[in-house]
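Q: Below is a structure I'd like to ask you about.
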Amino acid sequence: MNSLSLAGQWQFRQVGTEEWLPATVPGGVHTDLLALGKIPDPFVADNEKKVLWVAEQDWEYRYRFTPDAAVLAEEKVFLVCDGLDTLAFVSLNGRPLGETNNMFRQYRWEIKDALRTGENEVSIRFGSPVQYITAEQSARPMKGVSQAIPGGSHLRKAPCQFGWDWGPMLPPIGIWQDIQLDGRTTAELADVHLRQRHQNESVAVSAAVTINRWSQDALTATLILTAPDGAQQVAKQPLEGETAVLALLVENPQLWWPNGYGAQPLYQVELVLAREGVEIERRAYQLGLRTLELRQDADEWGKSFTFVVNGLSIFAKGSNWIPADSFPTRLTNAFLEKLIRDAALIGHNMLRVWGGGFYEEERFYDLCDRYGILVWQDFIFSCSIYPLDQTDFLGNVQQEVIENVRRLRHRASLALWCGNNEMEQGWESWGWQKPELSEEQTAGLAKLAETMPYARQLLAMAAQVEPLDDWQVLKDAYQTFYFTMLPAWVNELDPDRAYWPSSPSSNTPFMDVNGQAEGDAHYWDVWHGRKPFTAYRDQYPRFMSEFGFQALPPLATVQTYATKDQWNMTSYIMEHHQRNAAGNGLMIAQMTDNYRMPKDFPSLVYMSMVLQAEGIRYGVEHWRRHMDRVRGTLYWQLNDCWPVASWSSLDYFGRWKALHYAAQRFYAPIMLSVEDVGATMTVHVTSDRSEAWEGLVKWTLETVNGVVFVQGELPVMAAPLADTLVEKFDFSKQVEDATSRRLVFVAELWQGGVLQATSVATFVPNKHLELNETGLTLSVREVVDGVAIDVTAKTLARFVELSVEGVDVVFSDNYFDVPAGRTRTVRAARPEGMTAEELKAAFKARSLYDVYA
């Protein structure tokens with residue numbers, strides 16, 4: 001096989017104009033225009049509005065190339081486009097090759113008879129996705145998200161690119177993945193299906209090979225397996241027809257484990273196709289050897305929802321992944337790895353690739369394999385009605401499914417195929433169908449709407465719903481597709497992987513979609529419904545796959561899109577970079593329930609991040625304490641696609657919010673938590689370790705100034721893979737109205753004389769806590785791997801934030817509590833180019849008290 005990459009410097013122009021401009025492929029119209037200074041940065045201020053026209057136009061790209069003799073000598077030559085976004089008409093030397101309408105598919109055309117020996121020109125004309133969906137939506141309206149350009153479900157393109165409640169309306173256009181010429185002679189690999197079978201301390205690795213062949217020349221297939229230590233095994237087999245199965249037996253295999261449960265050894269697999277001993281094609285894969293199942297057994301609460309790896313039940317700890325940039329070709333390998341690494345660092349063992357984005361590139365799954373991150377993979381359908389009754393649409397989707405399942409099914413990290421995001425819930429609960437709400441339902445919502453913003457939104461949505469003439473046809477098509485057709489495709493292509501129809505779902509169509517007896521759940525009543533954080537403790541889902549609370553991004557990120565005169569939660573620009581209509585108000589409302597109003601905007605940014613971290617902590621700690629019933633938590637969301645107020649724990653630039661640091665604590669393999677109810681404090685230690693853990697809990701009931709009322713120590717023998725109740729304390733005699741605002745309960749977890757964790761619980765909301773000047777001091781010293789910062793407080797310092805002026809630094813911990821008279825030590829790498837003295841001078845610290853005063 002001989003190939004010629006066509007990536008590099010192309011030319012492009014708006015259709016109807018004369019001037020050809022330089023372009024970069026892979027890339028897109030927006031990024032090319034931005035590089036030329038033709039449009040302003042759409043992520044700054046409200047520049048998004050100034051570039052909306054880009055996606056409303058048609059564009060054309062061209063590239064001139066001269067194929068080398070080796071490519072021309074091949075029996076067949078194909079133009080291979082790994083990703084065209086989305087409506088493209090492709091031609092070579094003026095000869096039409098074909099059209100595309102799916103950004104998730106590979107397209108290829110045989111072009112040997114159209115190639116010239118000298119210069120050739122490939123031309124790709126892209127149609128406007130906005131014009132297309134607008135016309136389709138006019139002809140047949142489909143329900144979708146309210147924060148997007150309507151009609152996105154008519155086109156197989158990333159739904160969120162048309163807008164979402166955290167993302168801009170900037171649908172890209174262009175060649176977003178590789179493009180090349182592939183020359184083939186005699187035969188090619190059409191499909192390779194790697195599978196593994198585990199038994200008796202060995203693993204049988206097999207490769208089912210399918211080829212396309214154009215002659216009867218003698219062919220052989222060779223399977224090469226290289227172990228992590230470099231040892232190789234080889235199986236070789238002649239190919240008489242077009243299929244063959246090669247197999248190897250791996251004795252004493254090195255097993256792959258999710259992050260936190262063991263190592264991630266990866267075997268390298270190569271499949272070589274040869275003609276008369278001469279290699280004609282080679283494919284390479286990385287393979288982790290493990291067993292993986294989704295176990296759903298009947299129990300006292302209904303039916304479990306547990307991922308089991310190598311026979312061990314896993315508590316899934318993670319978050320939801322969205323596209324990391326609105327313009328995905330800008331995402332560098334280094335930044336992508338930072339995002340995945342930062343998820344692993346705080347204890348993630350699962351990411352849900354959400355159905356409103358796209359199937360990620362190979363590099364994403366490579367990293368998940370390496371870092372031990374299980375992937376819950378949605379098919380790309382989200383929050384909308386799709387024309388699943390149309391034969392052409394289904395045929396397009398079927399090819400998309402075939403290609404992407406084949407591409408990803410060998411992955412050690414791939415845990416689950418899920419049909420869609422929230423569409424079953426839409427049919428059940430969002431008014432997608434008629435008849436309209438009953439009089440009783442309308443009256444009930446109207447009563448709730450008097451006090452609950454979410455109910456007001458539901459009532460408004462219900463009033464706006466137009467009857468769908470064919471709603472029953474579309475609902476039936478939904479059920480057929482997600483409960484019959486799609487699972488059958490998946491089972492044929494990937495019988496070793498679990499399939500789930502929707503998220504959330506009970507696996508029974510349109511019945512108790514978001515229930516707690518079986519399946520997974522999305523819980524949004526704290527955010528949309530304005531319920532207090534304590535409401536999380538009323539929920540016992542079998543698997544919590546979405547829940548979240550918003551925060552502003554760090555101030556350094558706000559400064560990239562909002563000038564100082566816009567630093568106000570209700571300013572025009574701050575609201576432009578808030579895509580959830582009620583978002584800023586919901587943050588402020590929850591803030592006033594729990595904290596005093598901050599003194600200025602930088603303090604408000606800090607306060608919003610603390611609020612988010614505390615809310616999510618409240619939920620996760622509760623669900624981990626009930627890990628016998630709840631088997632996973634995936635908070636919404638890990639990352640951002642542009643600088644914005646959102647539910648993320650890592651902002652668009654990868655800066656850690658307070659939530660990301662908090663997740664490091666609440667996703668710790670040994671988690672200390674306190675269930676605080678009135679004057680009762682219940683201490684728990686929750687373990688993800690497969691062996692018992694022994695330690696010590698030191699506890700005090702003390703004032704914010706450090707005066708101890710009562711204290712004690714308790715030995716802890718934490719059971720493996722379980723929650724252990726350490727002690728339940730009733731302080732009703734000590735905590736009265738006069739003392740409740742000054743007293744706190746402090747629990748510390750120790751092992752071998754080393755502090756492992758601290759939990760501070762209050763008897764009143766933090767806003768009523770009588771905090772004093774903390775007297776925070778920082779002592780910075782150099783250590784081998786950077787610097788250590790000893791943080792000491794005279795009085796209780798809540799949510800201590802460390803920062804280095806003008807530099808992004810990731811600390812070993814941040815937004816932590818320092819009880820009165822204690823010292824906490826935090827480490828950090830020394831920023832490049834800064835001396836130790838400069839770093840010491842640049843360190844800053846503040847706590848909750850400082851943002852009030």
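Q: Any idea what the relative contact order of the chain is, in percent, if you count C-alpha pairs under 8 Å spaced at least 6 apart? Show your work: numbers first, answer last.
A: Details: 1945 pairs, mean separation 74.0, N = 853.
Contact order relative to length: 9 percent.
Q: Working with all protein chains in place, sort 599, 338, 698 by solvent-accessible area computed with a 1.4 Å probe, largest first.
A: Values: 599 115, 338 45, 698 70 Å².
Greatest to least solvent exposure: 599, 698, 338.
Q: Hey, another quick one. Leaving ligands and nucleic acids out of the surface, order 768, 528 by accessible area at 1.4 Å, largest first. Kindly include the intermediate steps, with their values, before the conclusion.
A: Details: 768 90, 528 30 Å².
Descending accessible area places them as 768, 528.
Q: Same structure again: Averaging sequence separations of C-alpha pairs under 8 Å and six or more residues apart, then dividing by the length of the range 201-305, give the relative contact order as a whole percent. Could the numbers behind the result be given before it?
A: Numbers: 194 pairs, mean separation 28.2, N = 105.
Dividing the mean separation by the residue count of the range 201-305 yields 27 percent.
Q: If each residue of separation counts as 0.36 nm, what is the full-extension length gain between residue 779 and residue 391 once their alpha-carbon separation is subtracted?
A: Working: separation 388, 0.36 × 388 = 139.68 nm, distance 6.85 nm.
Contour length minus the Cα-Cα distance gives 132.8 nm.
Q: Further question: Which lysines does residue 317 reach when only Cα atoms under 23 Å apart count, and residues fewer than 8 places away in its own chain are ignored?
A: 303, 338, 657
Q: Quick check on the chain: of the DSSP beta bridges with both residues there, what percent are antiparallel, nearest 5%?
A: Numbers: 165 of 191 bridges.
Counting only bridges with both partners in the chain, antiparallel ones make up about 85 percent.
Q: Continuing with the same structure: Just to verify a number: what accessible area does residue 813 come out at with the full protein assembly present, 1.4 Å probe, Å² rounded to tens?
A: About 40 Å², ignoring ligands and nucleic acids.
Q: A follow-up question, please. For residue 10, what residues show an amide H to amide H distance below 5 Å, using hydrogens built from the backbone and excluding near sequence neighbours?
A: 23, 24, 25
Q: What aspartates and glutamates sit close enough to residue 767 to cross-link, taking a C-alpha to C-alpha distance under 14 Å and skipping anything fewer than 8 places away on the same chain?
A: Filter leaves 593, 614, 850.
Q: Each residue of the range 46-60 in order: what ³J(HN,Hα) in whole Hz does its phi give by Karplus 6.51 cos²θ - 1.76 cosθ + 1.60, θ = phi - 60°, with x for Gly and Pro?
A: 10, 4, 3, 5, 7, 10, 4, 4, 4, 6, 8, 10, 8, 9, 9
Q: Leaving out same-chain residues fewer than 8 places away, which aspartates and glutamates sit with a Cα under 20 Å from that of residue 112?
A: Within the straight-line cut-off, residue 112 pairs with 68, 74, 75, 82, 99, 121, 178, 182, 188, 281.
Q: Between helix 601-625 and the chain, what is the angle of the helix's C-alpha long axis to the longest principal axis, kept within 0 to 90° and rounded to the nearest 10?
A: 90
Q: Give me, ordered by chain and number, the residues 5 or more places off residue 709 or on other chains with an amide H under 5 Å from its own placed amide H.
A: Under 5 Å from the amide H of residue 709 lie the amide H atoms of 701, 702, 703, each far enough along the sequence or on another chain.
Q: For the range 700-797, what does the relative contact order come out to in percent, with C-alpha contacts under 8 Å and a separation of six or more? Don't skip to the end; give the middle numbers.
A: Details: 123 pairs, mean separation 24.3, N = 98.
Once divided by the residue count of the range 700-797, the mean separation gives 25 percent.
Q: Report ³J(HN,Hα) in whole Hz for each residue of the range 13-24, in order, from the Karplus equation J = 6.51 cos²θ - 1.76 cosθ + 1.60 where θ = phi - 60°; Gly and Pro get x.
A: 7, 6, 4, x, 10, 9, 6, 8, 10, x, 9, 10
Q: Please list, in chain and number order, the residues 5+ apart from residue 289 or on another chain whose amide H is under 5 Å from its amide H, with Hs placed from the backbone.
A: Sorted by chain and number, the residues that satisfy this are 256, 267.
Q: Ignoring ligands, DNA and RNA, how do 540, 132 rank by accessible area with a 1.4 Å probe, largest first? Let's see the in-between values first.
A: Working: 540 60, 132 80 Å².
So the residues, ranked largest to smallest area, are 132, 540.
Q: Round to the nearest 10 and give me the degree value, 0 to 90, for the angle of helix 362-371's Cα axis relative to the longest principal axis of the chain.
A: 40
The values are calculated or read from the model by the stated rules, or taken from the named source; none is laboratory data. If you're wondering where the values come from, they're calculated on a predicted model, not measured in any experiment. Heavy atoms of the whole protein, side chains included, go into the accessibility calculation; ligands, DNA and RNA do not. Shrake-Rupley method; radii C 1.70, N 1.55, O 1.52, S 1.80 Å.
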